[in-house]
Amino acid sequence: MSFWQRKRQEAELDEELRSHLEMATGRTERGKAVDEAVREARREFGNVGLLKEVTRDVWGWRWLRDAADDARYGMRMLLKNPGFTAVAVLTLALGIGANAAIFNFVNAVILRELAVRDANELVFPRVMSPEESGDDFSYTEFETIRDHSRSFSGVFAFDTTRFLASIDGQTDFVWGQCVSGNFFSVLGVNPIFGREFTVREDQAGQQPTIVISHDYWKRKFALDPNVLGKNIVLKKIAFRVVGVAPRSFRGIELGDSVDIWMTMANWPQVRLSDHLTVGIMGRLKPEITREQAAAELGILDREFITQKLGPRLPSQAERQPDGRRIEVRSGARGLFSLPDELPSELNILMAVVGLVLLIACANVANLLLARAINRKKEIALRLALGAGRARLTRQLLTENLLLALAGGGLGLLLAGWVTNILWRFAIDGIDPAGLDLNIDGRVLLFTGGVTILTGLVFGLVPTFRATRVDPGPTLKAGPGTEGGNESRMGLGQSLVVAQVALCVALLAGAGLMIRSLEKLNRVNPGFQQDRILLVSLYPTLGGYQGARELDLYSRLQEQVGTAPGVLSASFSRFALLGGGRWGRKIARPGSDRQIEESIQVYCNPVAPQFFATMGIPLVLGRDFTPGDGVGETKVAIISEALARAAFPNRSPIGEQIEFMGDSGSGPAVVVGIARDVRSFSLRGPDKGAGVYIPLAQAPADLLGQVTMEVRTTGDSAVAIAGVRRMAQAIDANLPLLGMSTQAAHIDESLGSERSLTALLSLFSALAVVLASIGLYGVIAYSVARRTREIGIRVAMGATRRDVLRMVLGQGVRLTLFGVGMGLAGAAAGSQVLSSKLFGVTSTDPATFAGVALLLAGVALAACYMPARRATKVDPMVALRYE
């Protein structure tokens, strides 16, 4: 290679190096600094690989150094404007914090797995058939599965129930679970204190042992390390504490916080009377799929049923085309025992807080637009001195990201606080102790992603607009003039319109839920709900069984009925609107007892005077009497709906009904017809007809727990004191779980609607506040920028009313445009709430009109202060305004 060729090659290399350095540093001049960098690079690396090494240097640590410089400069700029920074950070914190809080709910309910070893290997079988759908098996069938299934490396049975626990003479109600002895070993959970159960302890005749939860250890024993060996008495059986479960392990049922675990060896002695079946959970072998396990369990189940039913099975299978089958579901998240509506409600709330975050982003974007106009000369000067637009864009985006990070950090702090507040006061039907609400890595990752996305959403457009500045006209502009081509805030006004539209959509949803809840509260359930006191009793926990339990009910009814403030008292197995039910099928009179000819009913065992106490009229016939007891002729009172379905065009009094599937129970004689009531939900009539039988004639597996209904004279406090006194006179240790009024019980039945309405209203109010701030800011900034114009108008004869009308008109136009767009969006989006509504349509005109008027009033209030300030502009001062 000749001398001149080498010189030419080095010159080309120098030029390429300069280009790379200029691109990285934002320089547009080829000065001494660039030349010096090239010479240093050549001295260090030579010509071979020079471009590669310098490029790596430029885009490696130098890029990080520049990013750090941008961050330091951005921090200084934000600290120089503390008012702007505080408002922006707080606005973002509210939006991001709301999203993080709701996502924490979703994470705890839907995403988080059990705190056990390899949770994805856990499964639990469920029995699925036209007659039943649940996760329960007889204990005998569990033993068959445990001994013969080859799909599981381990399988255990469990049953969750209430217990009356006595510790050193002090008693209280706890949630307990009877489990197989291999419960903790299959789950891979090691007690943090003491030990787990042994195989021998799950056999009859062994000393009863118990493992307690960490929360129970803290609550009852104050974390006493000497808890091991202490006794907890359940049903007069002393259980010795042998271990304490980890703090992170709350059990296998999501939403229920278990206090104690004991072995299945004690299950027959401590279970409730109606707990005749157990749930099953197992750990699949690595090579087995859920489908294979379901197929094997189906075979075992079929064999078990065949042995149990014998020759009756084929005819039943023919009557049930779908047949009985076993479904194996994932147990990674445990058993879902939360309200059925909760997942859909959380999805709705996630969408709502997403809209709130968009409103917050629009607010901050408006602030950045206003700030960018104030920084126009700064940006123009930097452009004139040679800074590239890409370099300025990076700097401004860094500032926006710092704002977002500050808002996200504060929002995460707010999320923990808001989560506890909302969960305790707004989310219905959930025990906070039953879920892990701690913020974990998934919540942190979600919050971080939302923070970065938020920084891009609110920052991109203002940043690009800020760098589209023509340096010449901007620097030449005199005091009090705008300079450049930015004379209007069209984008800011568009953002305000978007905020108002989103607010309308949220308010419409909240308004629809409020109207729906109001109509539900006006529904007549078919019985009198005022002046009714409900008392939950668990006599079986106190050792009452059979005839002794029935005698207790008779004595309680007699004694409580004479207590001060009490008019009458009775009992029912299932409280009205309490969610409990006993589904039966009765043979249609005159039929051949075919399944397809049967009638689905819901049976409720009740005591005498139940209908009078609850205010349910008897249309025909008589009430139950103390004579309708054990060994007497079986009787029943049916609802009007069943009378119409089973006995059309004739009186059912004296007729017989027979429950299908009950061998040896015999038919029951109809002695009365009761008015139809809403037993399960206020949203509509019961899907099945109602049948009432005497409590004394109920099957043994339905006894053990009842609800006592007490009609009072009006003073609940007097009645409660009287009921407690009479109950303690009969048995000082009688397990009374709780007392509430029927009205409060109905309120609890509407808990799902109330919680969703409360949260929608809360987030809608937050959205209105943010939108009002945004509207106020735009109008106030518009007034400030138009000060000279307003001064000229006043100097030329404009009155204060004219100025007020002009400024308010601007806000009203933005609001009306936003309301129009919001109503259109609400009409489409409210379809999501259609399944939650009652008595109103998703496009209810009254609700939409009320929302429009409310937001118009809020908008006028937000615009009034800057408008009033505009009317006080002094023309002489305004003409000198910069």
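The values are calculated or read from the model by the stated rules, or taken from the named source; none is laboratory data. In this text the structure is predicted, and so the values were computed from the model without any measurement. Quick reminder, even Gly has a Cβ in these numbers, built from the backbone with ideal geometry, and neighbours come from all protein chains shown. Side chains included, ligands, DNA and RNA excluded: accessible areas come from the protein's heavy atoms. Shrake-Rupley method; radii C 1.70, N 1.55, O 1.52, S 1.80 Å.
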- Extreme residue, farthest from Lys585 (Cα to Cα), among residues of the range 618-673 that are part of a loop (DSSP other than H, G, I, E, B), out of contact with any helix residue (DSSP H, G or I) (no Cβ under 9 Å at 6 or more places or on another chain) and among the β-branched types (Val, Ile, Thr): Thr625
- Subset of the range 570-588, residues farther than 14 Å from Gln742 by Cβ and open to solvent by less than 40 Å² (accessible area, probe 1.4 Å), comes to Phe571, Arg573, Gly580, Arg584, Ile586, Ala587
- Query: Can you tell me which residues in the range 699-733 are within 30 Å of Val635 (Cα to Cα) and touching a Pro at 6+ places or on another chain (Cβ under 9 Å)?
  - Reply: Pro699, Leu702, Leu703, Gly704, Gln705, Val706
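Rundown of residues vs (1) modelled with pLDDT of 90 or more; (2) open to solvent by less than 30 Å² (accessible area, probe 1.4 Å); (3) under 32 Å from the mean Cα position of the chain (by Cα), yes/no style:
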residue: Pro130; (1), (2), (3): no, no, yes
residue: Ala157; (1), (2), (3): yes, yes, yes
residue: Gly169; (1), (2), (3): no, no, no
residue: Asn182; (1), (2), (3): yes, no, no
residue: Glu201; (1), (2), (3): no, yes, no
- Quick one: which residue in Thr171, Thr209, Thr160, Thr263 is of a type in the set (Ser, Thr, Tyr) and in contact with a Pro (Cβ under 8 Å, 6 or more places away or on another chain)? Thr263
- Item | Enumeration of residues in the range 742-764 that are open to solvent by less than 20 Å² (accessible area, probe 1.4 Å), among the aliphatic types (A, V, I, L, M), assigned to a helix (DSSP H, G or I) and over 28 Å from Ser494 (Cβ atoms) | Ile746, Leu756, Leu759
- Go over the candidates Leu401, Leu381, Leu414 one by one and state the one that is hydrophobic (A, V, I, L, M, F, W, C) and farther than 23 Å from Thr91 by Cα. Leu381
- Item | Count - residues of the range 834-859 that are over 24 Å from Ile779 (Cβ atoms), of a type in the set (A, V, I, L, M, F, W, C) and out of contact with any helix residue (DSSP H, G or I) (no Cβ under 6 Å at 6 or more places or on another chain) | 2
- Query: Quick one: how many residues across the range 667-690 are crowded, with 19+ Cβ neighbours inside 10 Å and of a type in the set (S, T, N, Q)?
  - Reply: 1
- Message: Here's a check for you: in the range 647-661, which residue that is over 18 Å from Val635 (Cβ atoms) and of a type outside the set (D, E, K, R) is most open to solvent (accessible area, probe 1.4 Å)?
- Response: Asn649
- Item | Any chance Gly631 is surrounded by fewer than 17 Cβ atoms within 10 Å (Cβ to Cβ) and on the phi > 0 side of the Ramachandran plot | yes
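So that you can scan it fast, the table gives a plain yes or no per residue for (1) of a type in the set (A, V, I, L, M); (2) part of a loop (DSSP other than H, G, I, E, B); (3) within 25 Å of Gly543 (Cβ to Cβ):
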| residue | (1), (2), (3) |
| --- | --- |
| Pro191 | no, yes, no |
| Thr198 | no, yes, no |
| Gln206 | no, yes, yes |
| Ile210 | yes, no, yes |
| Arg240 | no, no, yes |
| Pro246 | no, yes, no |
| Arg250 | no, yes, no |
- Message: From the list Arg548, Arg515, exactly one residue is without any contact (Cβ under 8 Å) to a residue 40 or more places away in the chain, assigned to a helix (DSSP H, G or I) and either within 38 Å of the chain's Cα centre (by Cα) or within 13 Å of Asp731 (Cα to Cα) (or both). Which is it?
- Response: Arg548
- Message: Here is a check on your reading of the model: is Gly282 surrounded by 13 or more Cβ atoms within 10 Å (Cβ to Cβ) and at pLDDT 90 or above?
- Response: yes
- Task: Output the number of residues of the range 814-835 satisfying the condition of being open to solvent by 20 Å² or more (accessible area, probe 1.4 Å) and touching a Ser or Thr at 6+ places or on another chain (Cβ under 7 Å).
- Result: 3
- Message: Report every pair of residues separated by at least 6 positions or lying on different chains whose Cβ atoms are under 7 Å apart, first residue within the range 104-128 and farther than 12 Å from Met281 by Cα and open to solvent by less than 10 Å² (accessible area, probe 1.4 Å), second part of a helix (DSSP H, G or I) and at pLDDT 85 or above.
- Response: Asn104/Ala415; Asn104/Val443; Asn107/Arg442; Asn107/Val443
- Task: Tell me, yes or no, whether the range 86-97 has at least one residue that is over 30 Å from Glu296 (Cβ atoms), modelled with pLDDT under 85, out of contact with any Ser or Thr (no Cβ under 9 Å at 6 or more places or on another chain) and loosely packed, with under 15 Cβ neighbours inside 10 Å.
- Result: no
- Test: Ser755 is among the polar types (S, T, N, Q) and within 30 Å of Arg548 (Cβ to Cβ): no
- Message: Testing Ala265 on (1) touching a residue at least 60 places away in the same chain (Cβ under 8 Å); (2) aliphatic (A, V, I, L, M); (3) open to solvent by less than 10 Å² (accessible area, probe 1.4 Å); (4) not in a loop (DSSP other than H, G, I, E, B), one condition comes back false. Which one is that?
- Response: (3)
- Query: Restricting attention to the range 700-710, which residues are of a type outside the set (S, T, N, Q) and either modelled with pLDDT of 85 or more or over 16 Å from Tyr602 (Cβ atoms) (or both)?
  - Reply: Ala700, Asp701, Leu703, Gly704, Val706, Met708, Glu709, Val710
- Complete set of residues in the range 268-295 that are of a type in the set (D, E, K, R) and in contact (Cβ under 8 Å) with a residue 40 or more places away in the chain: Arg271, Asp274, Arg283, Lys285, Arg290
- Query: Identify, please: which residue in the range 517-541 is among the β-branched types (Val, Ile, Thr) and over 20 Å from Leu567 (Cα atoms) and is, among those, modelled with the highest pLDDT?
  - Reply: Val523
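For (1) in contact (Cβ under 8 Å) with a residue 12 or more places away in the chain; (2) under 47 Å from the mean Cα position of the chain (by Cα), each residue gets a yes or a no:
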{"position": "Val606", "(1), (2)": "yes, yes"}
{"position": "Ala612", "(1), (2)": "yes, yes"}
{"position": "Gly629", "(1), (2)": "yes, yes"}
{"position": "Thr633", "(1), (2)": "yes, no"}
{"position": "Leu642", "(1), (2)": "yes, yes"}
{"position": "Pro648", "(1), (2)": "no, yes"}
- Query: What's the number of the condition Ala767 fails, among (1) assigned to a helix (DSSP H, G or I); (2) open to solvent by less than 10 Å² (accessible area, probe 1.4 Å); (3) over 30 Å from Gln493 (Cα atoms); (4) in contact with a helix residue (DSSP H, G or I) (Cβ under 6 Å, 6 or more places away or on another chain)?
  - Reply: (3)
